[in-house]
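J.: The following block contains the structure, expressed as structure tokens.
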Amino acid sequence: MSDISNDLWAAVALVMVMEGIMPFLNPDFSRQTMLKLAEMDNGSLRSIGLISMLAGLGLLYWVR
């Protein structure tokens, strides 16, 4: 596989690790947070998603 493909799979693996930390360490808090997210309107969720993507792009740019 190419270096880009390896980097992409490494990034996906790291996202999975990061996403799993909170449910593993504190499942009750994670459950409450997911319930609150399920109650939010689409506009708010999209705003959170956009902010998260922009922060991730900024961090990637800074690291690379």
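J.: Is it the case that Ser30 is of a type in the set (S, T, N, Q) and surrounded by 10 or more Cβ atoms within 10 Å (Cβ to Cβ)?
T.: Here the answer is yes, as Ser30 does meet what is asked.
J.: I want to confirm something. Restricting to the stretch 1-35 and keeping residues that are over 12 Å from the mean Cα position of the chain (by Cα) and charged (D, E, K, R), which single residue is nearest to Leu45 (Cα to Cα)?
T.: Ranking the qualifying residues of the stretch 1-35, first place goes to Arg31.
J.: Taking the stretch 47-64 as the search range and keeping residues that are surrounded by 11 or more Cβ atoms within 10 Å (Cβ to Cβ) and modelled with pLDDT of 95 or more, which one is nearest to Val15 (Cα to Cα)?
T.: For the stretch 47-64, the residue satisfying everything is Ile48.
The values are calculated or read from the model by the stated rules, or taken from the named source; none is laboratory data. The structure presented is a predicted model; accordingly, all values stated were derived computationally and were not measured. As a convention, Cβ positions derive from the backbone with ideal geometry for all residues, glycine included, and neighbour counts pool all protein chains shown.
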